[in-house]
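This report concerns only the one structure given below.
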Amino acid sequence: MPNSVSQVPFVDLKAQYQTICDEVDQAILEVVRGAGFILGKQVGAFEEEFASFCGTRYAVGVDSGTSALELALRAFGIGPGDEVITAANTFIATALAISFTGATPVLVDQDPGTYNLDVSRLESALTHRTRAILPVHLYGQPADMDPIMEVAGRHGLVVIEDACQAHGARYKGRRAGSIGHAAAFSFYSSKNLGAYGDGGMVVSNDERIRDSVRMLRDFGQREKYRHELKGYNRRLDTLQAAVLRIKLKYLDEWNQSRREIADWYGKLLGPAGIAVPDRAGYAEHVYHLYVIRVADRNGLAAYLKQNGIATGIHYPIPIHLQPAYRDLGHQKGDFPITEDFADQIISLPMYAELPRESVEFVSHAILESGQVASETSPAVSKGLV
Ligand SMILES: *Cc1c(COP(=O)(O)O)cnc(C)c1O
């Protein structure tokens, strides 16, 4: 290989820590010395700062993104007998959160350009049981929210954004998470804003939703030992809030670096005919993941691995073909674009500190591997025009 890079990890959390270690160490020490580990003052402070970052009135810290999705759905009273429409192409947690409430996930195939829920298929997924739409801002690019809000408004549905991959992204200038009736974020370590462990957040402009989620995350109590409902133990740790407060200050800068990295990849790979990500005109993408499509994905992954380059697949098996979701009664062919793409997608190394020479090294390795643009089925190519 023609340059000095020898190993490229998929993400490098240690590299990020190096840039903020003094501040983070200090913040952790303060929490440890103050011993307010559960709902300590850092939690409330971070909630305010995160709400303000998102442009929402309220934010409630919880223990994971999955909890944030589930508790948001529960706060709107969604449960058994209800249907929630979501994307066929997403991480399993989106569907699980719906299932945990007792409701049924109803999947919609993806748009071949943005990989997000295809809004033109929304209406055909509606039934008299539909209560909510849960769009996912996959890979860091917002779903097309205006038509989603329009359909929801017309049918009296709740919209909860799965913004677990889209901290700081924008849709027509507005932050991801500020457009629906509520949104869920994950602070899983490798997310664009990642804790040193698990964490999550529900944001909303609705005071009742804030109050419900606050109770649901803390044993159903508003006042200590008076339990208004059967709540959970799903709080955001004070230690994580302290770390996240520091990181939030750098998030826009880190997202900007991710966009630059995406530009470098795009300039090197796009002209060679590789299917690089589309940037929708309405979106400010934050590239949680940089996903390309190639004909022989497994071959490329093996070739890159031999060259010291780590990759990922997000996600190899669509929700409707997962053993856990046999009960939805789907079969192969039900969501053709999602299925087609699941065999072709590969996620390249992407994190804010990724050096330009690594991006070049990865890109040259891809071009040398002899990969060509993915073969898509005629139906899919039509959608791409
Ligand atoms: C990460 C993620 C979740 C779940 O978040 P956790 O914090 O891991 O529970 C949900 N949806 C999407 C799209 C995600 O990427």
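Summarising the amide proton neighbourhood of ASP218: residues at separation of 5 or more, or on other chains, whose placed amide H is nearer than 5 Å comprise TYR232, ARG234.
Between segment 238-282 and segment 48-113, the C-alpha centres lie 23 angstrom from each other. Net charge near LEU248: determine it from the other residues with C-beta under 15 Å of the C-beta of LEU248, scoring Lys and Arg +1 and Asp and Glu -1. Overall, the nearby charge balance is -1.
Counting 0.36 nm for each residue step from LYS224 to GLU357 and taking away their Cα separation leaves a gain of 42.4 nm. Once the Cα-Cα distance is subtracted from the 0.36 nm per residue extended length, the GLN26 to GLU253 segment shows a gain of 79.6 nm. Listed cross-link partners LYS267/LYS332; LYS41/LYS230; LYS191/LYS267; LYS41/LYS191; LYS247/LYS305; LYS14/LYS249 are compared with a 28 Å cut-off, the Cα-Cα value being larger for LYS267/LYS332; LYS247/LYS305. Between GLN331 and ARG208, the contour length at 0.36 nm per residue exceeds the Cα-Cα span by 40.3 nm. 3J(HN,Hα) couplings calculated from phi for segment 275-287 with the Karplus curve 6.51 cos²θ - 1.76 cosθ + 1.60 (θ = phi - 60°) are, in sequence order, 6, 8, x, 7, 10, 5, x, 7, 10, 10, 6, 10, 6 Hz; Gly and Pro show x.
Other residues within the sphere of radius under 12 Å centred on the Cβ of THR94, judged by their own Cβ, net out at -3 (K and R +1, D and E -1).
Extending 7 Å from Cα along the Cβ direction at GLU123 and again at LYS172 yields two label points whose distance is 1.9 nm.
Along segment 182-195 the Karplus relation, 6.51 cos²θ - 1.76 cosθ + 1.60 evaluated at θ = phi - 60°, assigns HN-Hα couplings of 6, 8, 10, 10, 10, 10, 3, 3, 8, 5, 4, 10, x, 7 Hz to successive residues, with x for each Gly and Pro. By the beta-carbon count within 10 Å of each Cβ, the least crowded to most crowded order of ASP296, ASP327, fewest first, is ASP327, ASP296.
Please give me the summed charge of the neighbours of PRO105: other residues whose Cβ is under 14 Å from its Cβ, Lys and Arg +1, Asp and Glu -1. Here the charged neighbours net out to -4. Computing FRET efficiency as 1/(1 + (r/R0)^6) for GLU48 and GLN306, where r is the C-beta to C-beta distance and R0 is 45 Å, gives about 0.40.
Sorted from longest to shortest, the spans of the Cα atoms of segment 105-195 along the three principal axes equal 40, 26, 26 Å. The Rg/Rh ratio of the chain, with Rg taken over Cα atoms and Rh as the Kirkwood radius over Cα pairs, comes to 0.97.
Every number here is computed from the coordinates shown, using simple stated rules; none is lab data. What you are looking at is a predicted structure, and each value in this text was computed from that prediction instead of being measured. Counting neighbours? That spans all protein chains shown, and the Cβs are built from the backbone with ideal geometry, glycine included.
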